[in-house]
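What follows is one structure encoded as structure tokens, with my remarks underneath.
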Amino acid sequence: MPSDKNNKIPFNEDNYTHNIERNNERKLDRRGFMKTLAGAAGVFAVSSLPWGAVAAKELMGLGEKEYPHKKITDVSKLAVGDSLEFKFPGDHDDAIIIRLNENKYVAYQNACTHLRCPVFWVKEQNQMVCPCHHGFFDAETGAPTAGPPRRPLPEIQVKVENGAIYAVRVKRYEA
Amino acid sequence: MKRSYVGVAVLAFILFLNIIFTQYMVHQFFYENYVNTLIFCGLNIVLFPIALFAYKKMKNVKA
């Protein structure tokens, strides 16, 4: 049917949205829907990649960062049952070392896992105490035993060499 | 024109598996089972070529 619509600009049509109803371009047909589903599978595949990459990195142990060894103190200056505060790994990261017995040293970053108050070693009670809200931590493992904190203190690995104690690395902070 | 909706069902099922694997992957990651994370990541990636294959096979199928 010949039409002379195109010869009149604007042509007389009672439809203000005539330009979007062309060749069913807004209609999602079966094939278009399948295409969308295949595309969604692609998006899923691509978005899995970072998770796999980070998991592989963890498996290969690249997350275990070793800081430059830092001397804490001499063995002779830290009596059994005593504690000492130091900074590791940065200059503003408070940490505490406790000599539990002749050969056993434990060290933790001593910001309380509740609200980051400093945690102290109380020799008489044989445990670590956060005075702010009465949080208690087991000195052997750093695990919270009572009070508001729910997460263990991040442990610092120490090494004894030639009568001196060195901080080696910080174990992963378990969120 | 009659169409076959088998392809739609297959692709919808693949998407369903994608969602399940992604959920598992994220949870196993936070439980620090990194081997399982890698397995589900691999499954998720393998599903993409399968979905493409299913699309190519099914797009012109008529009932």
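Extent of chain B along each principal axis, from alpha carbon coordinates, in Å, largest to smallest?
In descending order, the Cα extents are 52, 15, 8 Å.
Per-residue ellipticity at 222 nm for chain B, helices alone: DSSP H runs ≥ 4 residues times -39500 (n - 2.57), over residue total, nearest 500 deg cm²/dmol?
-28000 deg cm²/dmol
Would you list which lysines come within 22 Å of A:Lys77, measuring only between C-alpha atoms, while excluding same-chain residues fewer than 8 positions from it?
Straight-line reach from A:Lys77, under 22 Å: A:Lys87, A:Lys104, A:Lys123, A:Lys159.
Radius of gyration and Dmax for segment A:70-170's Cα atoms, expressed in Å?
12.7, 40
Based on the mean of other beta carbon atoms within 10 Å per residue, what is the order of A:48-59, A:81-92, most packed first?
A:48-59, A:81-92
Here, each number is a calculation from the coordinates, and none is a lab measurement. Computed from a prediction, not measured in an experiment: that's the story for all the values here. Heads up, the Cβs are rebuilt from the backbone with ideal geometry, glycines too, and the neighbour counts pull from every protein chain shown.
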